[in-house]
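Before any comments, here is the structure.
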Amino acid sequence: MIPLSVLDLAPVPQGSDAGTALRNAAALAAHAEFLGYNRFWMAEHHSMPGIASAATAVALAHVAHGTKTIRLGAGGIMLPNHSPLQVAEQFGTLAALYPGRIDLGLGRAPGTDQAAAYAMRRTLTGDVNQFPRDVVELISYFDPPSDLPARVRAIPGEGLQVPLWILGSSLFGASLAAHLGLPYAFASHFAPDMLDATLATYRRDFKPSRFLGEPYVMLGFNVFAADTDDEARLLATSLEQAFVALASGSPGQLKPPLAGYRDTIPVRFHASLDQRLECSAIGSPATVAAATRAFIARTGANELMVTSQIFDHAARLRSFEILGDCLITAPTYP
């Protein structure tokens, strides 16, 4: 089996709060470490009532304090929201505190709407060339000092060479990752349309680099595992409700499962939900194991980044436990 990792958005269940969500994230990370998962990443989103991981580096520091060996990282930092120097300092600080355990995934979307992006005081111009320049600048801050002293230095950060990943859901990110010789993480857990074309582009155009000798792809994958198929399908209705709320312009806290949910929404949403959940394993242990293995075989993924937007914290822990029991034979820590 390939390594399995965890993507967490620190979901805020309906009736709960951000503090509880972040404590749950730390508990999930410790649980994943015990089960042998390879990485625990958190995602940057803003102005979303149901997601508590906006201050991603701070949230990761909280998670790191309660773990010992699992790799931790951002999946990802939305670089248009930040200066490369600030990101280098934040993740350089994490790498200094927790050496050999920090990853940094980078995306070019704002992770929010235009109003929130404007509130972060970054330019809203659509210059696609800025993201590659920012990535290259960020790389330079993690390099060892040279004989010619730099005018600007990331302290902490300099010389720590935090591993960088490019995140994306389109050919742009795949092409950039291939050109720079960086590992690539694709958001197939919510945007699977371009999966095959993106994989082909990244693998065809990949240029070996000082960071990576051959292509390495990590794919997002939804898992809702429970003792029975029916129970797992019920758990997945929380994510279905979140997708519909986001598409309707009214995102909120993560709602409890709702039996027969699809019967309560317009038919036009059904095909959209099927498409969004295309890269998912939902069911009993046997069902989930078979679906996950089939997805790995079809895509040739080097690693899976598993996400489970489950309302009940205990059920979420159990879902990762079921998947781990089925597919993790030994810890995969680097």
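Order these peptides, 46-57, 271-282, by their mean beta-carbon neighbour count within 10 angstrom, highest first.
46-57, 271-282
Between Phe211 and His179, 0.36 nm times their residue separation minus their Cα-Cα distance comes to what?
Working it through step by step, the gained length comes to 10.3 nm.
Can you give the charge dipole size of segment 142-291 about its Cα centre, rounded to the nearest 20 debye, using +1 on the beta carbon of Lys and Arg and -1 on the beta carbon of Asp and Glu?
With only Lys, Arg, Asp and Glu charged at Cβ, the dipole is about 480 debye.
Between Pro144, Leu234, Ala10, whose Cα lies farthest towards the positive end of the dipole of the chain when Lys and Arg beta carbons carry +1 and Asp and Glu beta carbons carry -1, centred on the Cα centre?
Sorting the options by dipole projection puts first Pro144.
Applying a 10 Å radius around every beta-carbon, put 136-147, 311-322 in order of their mean neighbour count, most first.
Result, highest mean Cβ count within 10 Å first: 311-322, 136-147.
Quickly work out the Glu231-to-Gln275 label distance, labels modelled 7 Å from Cα along the C-beta direction, and quote it in nm with one decimal.
The two pseudo-label positions are separated by 3.4 nm.
First measure r as the distance between the Cβ atoms of Ala297 and Asp147, then evaluate 1/(1 + (r/R0)^6) with R0 = 56 Å and state the FRET efficiency to the nearest 0.05.
E(calc), rounded to 0.05, equals 0.70.
Amide H of Gly73 versus every other amide H placed in the peptide plane: which residues, excluding those fewer than 5 positions away on the same chain, fall under 5 Å?
The list, which skips near neighbours in sequence, is Phe40, Trp41, Met42, Asp103.
Using alpha carbons only, how many degrees (0 to 90, rounded to 10) separate the axis of helix 130-142 from the longest principal axis of the chain?
70
In a GNM of the chain with a 10 Å cut-off on Cα contacts, which of Ala301, Ala43, Ala226 has the highest mean-square fluctuation?
Largest GNM mean-square fluctuation: Ala301.
FRET efficiency for Arg262 and His62, Cβ-Cβ distance as r, R0 = 35 Å, nearest 0.05?
That gives a FRET efficiency of 0.45.
Please report the net charge: other residues with Cβ closer than 15 Å to the Cβ of Arg39, K and R +1, D and E -1.
Neighbour charge sum, excluding Arg39 itself: -1.
Kindly express, to the nearest 10 degrees and within the range 0 to 90, the angle between helix 229-247's C-alpha long axis and the longest C-alpha principal axis of the chain.
60
Restricting to Cα pairs below 8 Å that are 6+ residues apart, what does the relative contact order work out to for segment 4-327? Please round to a whole percent.
For segment 4-327, the relative contact order is 18 percent.
Where Lys and Arg each count +1 and Asp and Glu each count -1, what net charge lies around Arg153 among other residues with Cβ under 11 Å from its Cβ?
Local charge sum for Arg153: -2.
Using DSSP, restrict attention to beta bridges with both residues in segment 4-327 and report what percent are antiparallel, rounded to the nearest 5.
5
Among 240-248, 72-80, how do they line up by average Cβ neighbours within 10 Å per residue, starting with the highest?
With the highest mean Cβ count within 10 Å placed first, the list reads 72-80, 240-248.
Can you tell me the mean projection area, over all orientations, of the convex hull of the chain's alpha carbons? Units nm², please.
For the chain, the mean projected area of the Cα convex hull comes to 16.5 nm².
What value, in deg cm²/dmol to 500, does the helix sum -39500 (n - 2.57) over DSSP H runs of n ≥ 4 give at 222 nm once divided by the residues of the chain?
Rounded to the nearest 500, the figure is -13000 deg cm²/dmol.
Of the candidates Tyr261, Tyr216, Tyr98, which one comes out as most mobile in a Gaussian network treatment of the chain with C-alpha springs shorter than 10 Å?
For the chain, modelled as a Gaussian network with Cα springs under 10 Å, the answer is Tyr261.
Enter the angle in degrees (range 0 to 90, nearest 10) between the Cα long axis of helix 313-327 and the first principal axis of the Cα atoms of the chain, meaning the one along which they spread out most.
Computed tilt is about 80 degrees.
Considering the options Asn24, Phe311, Gln86, tell which one lies farthest towards the positive end of the dipole of the chain, charges being +1 on Lys and Arg and -1 on Asp and Glu at the Cβ, about the Cα centre.
Positive-end residue among those listed: Gln86.
So, with +1 on the Cβ of K and R and -1 on the Cβ of D and E, and no other charges, what is the size of the charge dipole of the chain about its Cα centre, to the nearest 20 debye?
420
May I ask for the distance between the Cα centers of segment 194-273 and segment 66-85, given as a whole number of Å?
So the separation of the two Cα centres works out to 21 Å.
Across segment 46-61, in residue order, what do the Karplus-derived ³J(HN,Hα) couplings come to in whole Hz, using 6.51 cos²θ - 1.76 cosθ + 1.60 with θ = phi - 60° and x for Gly and Pro?
Calculated HN-Hα couplings, in order: 10, 6, 10, x, x, 10, 9, 9, 4, 8, 4, 5, 5, 4, 5, 5 Hz.
Sequence-distant or interchain residues sharing an amide H contact under 5 Å with Ala54, placed H: which?
Long-range HN contacts for Ala54: His45.
Hey, can you grab everything whose amide H is under 5 Å from the amide H of Leu254? Only 5+ residues off in sequence or another chain; H modelled, so Pro and N-termini drop out.
Answer set, sorted by chain and number: Val12, Gln14.
Values in this text are rule-based calculations from the coordinates and carry no lab data. Quick caveat: nothing in here was measured; it's all calculated off a predicted structure. Cβ coordinates were reconstructed from backbone atoms using ideal geometry, including for glycine residues, and neighbour counts include every protein chain displayed.
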